[in-house]
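What follows is one structure encoded as structure tokens, with my remarks underneath.
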Amino acid sequence: QVQLVESGGGLVQTGGSLRLSCAASGRPFSSLGLGWFRQAPGKEREFVATIGRSGTTYYADSVKGRFTISRDNAKNTVYLQMNSLKPEDTAVYYCAAKSSYGPLIKDALAAYWGQGTQVTVSS
């Protein structure tokens, strides 16, 4: 079992930045594929970014060039640096993890989820 705890959400103006953190426990962190997903009101949860065991990253087209996912295996933490934020980035952001190989680009692939953290971008 893996426990994921997100932090770092909040209210920011358009063009601002936030960094989300997700601390993991319960399994060797280096064995996990990790990802961030988000869900806006009235919409389905969508993929944002993922980072594999080796550090390979993938991003949704909507955040490419603005968001950066990274991991610190020594701190058992995955980060999502969000720059140039837009009102359409407003959502609850969820950290997810899986222990199987391959990128975590679909929520159906995730075995573990955090509780979510709210990000609100004002115009």
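Per-structure values
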{"item": "Residue in the range 21-42 that is in contact (Cβ under 8 Å) with a residue 24 or more places away in the chain, touching a helix residue (DSSP H, G or I) at 6+ places or on another chain (Cβ under 7 Å) and in a strand (DSSP E or B) present", "result": "yes"}
{"item": "Residues within the range 18-34 that are under 19 Å from Leu85 (Cα atoms) and touching a Ser or Thr at 6+ places or on another chain (Cβ under 8 Å), tallied", "result": "2"}
{"item": "Single unsatisfied condition, Arg45 versus (1) closer than 15 Å to Val119 by Cα; (2) surrounded by 22 or more Cβ atoms within 10 Å (Cβ to Cβ)", "result": "(2)"}
{"item": "Selection from the range 5-14 of residues that are open to solvent by 40 Å² or more (accessible area, probe 1.4 Å) and within 16 Å of Tyr112 (Cβ to Cβ)", "result": "Val5"}
{"item": "Residues that are open to solvent by less than 20 Å² (accessible area, probe 1.4 Å) and either among the acidic types (Asp, Glu) or modelled with pLDDT under 95 (or both), drawn from the range 15-32", "result": "Phe29, Leu32"}
{"item": "From Phe47, Phe37, Phe67, Phe29, residue being closer than 19 Å to Val2 by Cα and within 14 Å of the chain's Cα centre (by Cα)", "result": "Phe37"}
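The values are calculated or read from the model by the stated rules, or taken from the named source; none is laboratory data. Source: prediction; values computed, not measured. Methodologically, a virtual Cβ is constructed for each residue, glycine included, from the backbone with ideal geometry; neighbour enumeration extends over all protein chains shown. Heads up: the accessible areas ignore ligands, DNA and RNA and are worked out on the full protein's heavy atoms, side chains in. Shrake-Rupley method; radii C 1.70, N 1.55, O 1.52, S 1.80 Å.
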